[in-house]
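The values are calculated or read from the model by the stated rules, or taken from the named source; none is laboratory data. All values reported here derive from a predicted model rather than from experimental measurement. Here the Cβ positions follow ideal geometry from the backbone for every residue, glycine too, while neighbour counts run over all protein chains shown. Keep in mind that these areas ignore ligands, DNA and RNA; they rest on the heavy atoms of the full protein, side chains included. Shrake-Rupley method; radii C 1.70, N 1.55, O 1.52, S 1.80 Å.
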Amino acid sequence: MPNALSTAPSTTKPPRPISGQIITFAAVGVVNTATYYGLYLFFLMYLPYLAAHVISFTLSMIGSFFLNAKFTYRTRPTWRKFLLFPLTNATNFVITTVGVYVIVDVLHVGSEFAPLMASAAAIPVTFVVSRWVMLQRPEGARSSDPVA
């Protein structure tokens with residue numbers, strides 16, 4: 001049985017054109033946002049809003065990695081990409097976390113909708129950075145080599 005996170009440098013299908021990647025990234029984003037928001041509301045019943053946000057963000061980011069690897073970028077999920085993927089979301093995390101704080105504590109808007117409002121600004125940046133991580137070639141790879 002193959003390991004879900006492989007170290008083998010191969011793709012499952014040819015990469016999508018960028019327009020297809022954007023559309024699929026958006027669809028995965030909708031699923032990911034719904035997952036995040038459901039988890040956030042669940043954890044919000046038991047935890048302060050920032051703790052609920054951090055835990056929900058982490059769990060949904062793991063799901064996002066696998067969905068984007070399979071459907072958006074059509075690339076094998078490797079340990080290298082898995083370990084780099086959270087770094088690609090660092091900007092997203094900072095934007096949404098600061099946004100949630102500002103919306104709740106500065107603007108005094110309810111904590112239930114704050115993450116949805118804060119995430120809108122992070123979407124374009126997350127696409128660009130995740131595309132770079134998921135489709136970058138290892139050092140020494142030729143352009144004809146499969147994406148690793």
Legend entry - For residue 106: the one exception among (1) open to solvent by 60 Å² or more (accessible area, probe 1.4 Å); (2) more than 13 Å from the chain's Cα centre (by Cα); (3) modelled with pLDDT of 90 or more; (4) within 20 Å of residue 24 (Cα to Cα): (4)
Legend entry - Which listed residue, of 72, 78, is at pLDDT 90 or above and touching a strand residue (DSSP E or B) at 6+ places or on another chain (Cβ under 8 Å): 78
Legend entry - Matching residues in segment 72-84 - criterion: being open to solvent by 60 Å² or more (accessible area, probe 1.4 Å) and within 13 Å of the chain's Cα centre (by Cα): 83
Inset, instruction - Considering each residue of segment 39-53, count those that are open to solvent by less than 60 Å² (accessible area, probe 1.4 Å), hydrophobic (A, V, I, L, M, F, W, C) and in contact (Cβ under 8 Å) with a residue 12 or more places away in the chain, and give that number. - result: 4
Legend entry - Every residue from segment 90-103 that is small (Gly, Ala, Ser) and surrounded by 13 or more Cβ atoms within 10 Å (Cβ to Cβ): 99
Inset, instruction - Could you grab the pairs with beta carbons closer than 9 Å, sequence gap of 6+ or different chains, first residue in segment 62-83 and farther than 19 Å from residue 33 by Cβ and in a helix (DSSP H, G or I), second one of a type in the set (Gly, Ala, Ser) and open to solvent by 10 Å² or more (accessible area, probe 1.4 Å)? - result: 79/6; 80/148; 81/148
Legend entry - Out of 59, 87, sole residue that is surrounded by fewer than 18 Cβ atoms within 10 Å (Cβ to Cβ), at pLDDT 90 or above and under 28 Å from residue 20 (Cα atoms): 59
